[in-house]
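> Please find one structure pasted underneath; my questions will follow.
None of the figures in this text is laboratory data; all of them are computed from the coordinates on show. For clarity, every value in this text was computed on a predicted model and none was experimentally measured.
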Amino acid sequence: MSSSEGWGPSPITGYTRRMVTIHRLPDCGNAPRRELLAALVIALAKHDADHVDSVLADDIAWRILGQRILEGRDGVRQWIAATPPVEEVSFGSLLTHGRGASVDGVLVLHDGTRQAFCHVLRFAGAAKTAKVLEADSYLIALPAH
């Protein structure tokens, strides 16, 4: 399944994107955290810091492995603002179990470069309304194809 979602300029970076193309295979629709994971990745791609904030604990610890550690929601907001625009998101796996979840796939950036991603999340509890307490992200530049 593919879709496009429009968005406007980032107030901090000035990046303007008209749409992000999303590629995702349909699933059973019976796992609310899978939807949360997909929405989180899409919000990151669209620089939608408000949506990202809505699923994070106040004291989130988000590690971008090999790069930096983001402390709290403000640290995550700054990272989002500094990331380049994304043209396309292709989802691989969306996995959830108890307090843990992971999502992986490939991003196509505005300049045509590709980046593999994997976000491993730990929630504050097992309830579907629990906030993300910790995250580890693996971001790997892919060769041109």
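> For residue 127 and residue 35, calculate 0.36 nm times their separation in residues minus their Cα-Cα distance, and state this gained length in nm to one decimal.
Residue separation times 0.36 nm, minus the Cα-Cα distance, leaves 31.7 nm.
> Can you list the HN-Hα couplings for segment 121-134, worked out from phi with the Karplus curve (6.51, -1.76, 1.60; θ = phi - 60°), rounded to whole Hz and with x for Gly and Pro?
10, 10, 8, 5, x, 8, 5, 5, 9, 5, 8, 6, 9, 9
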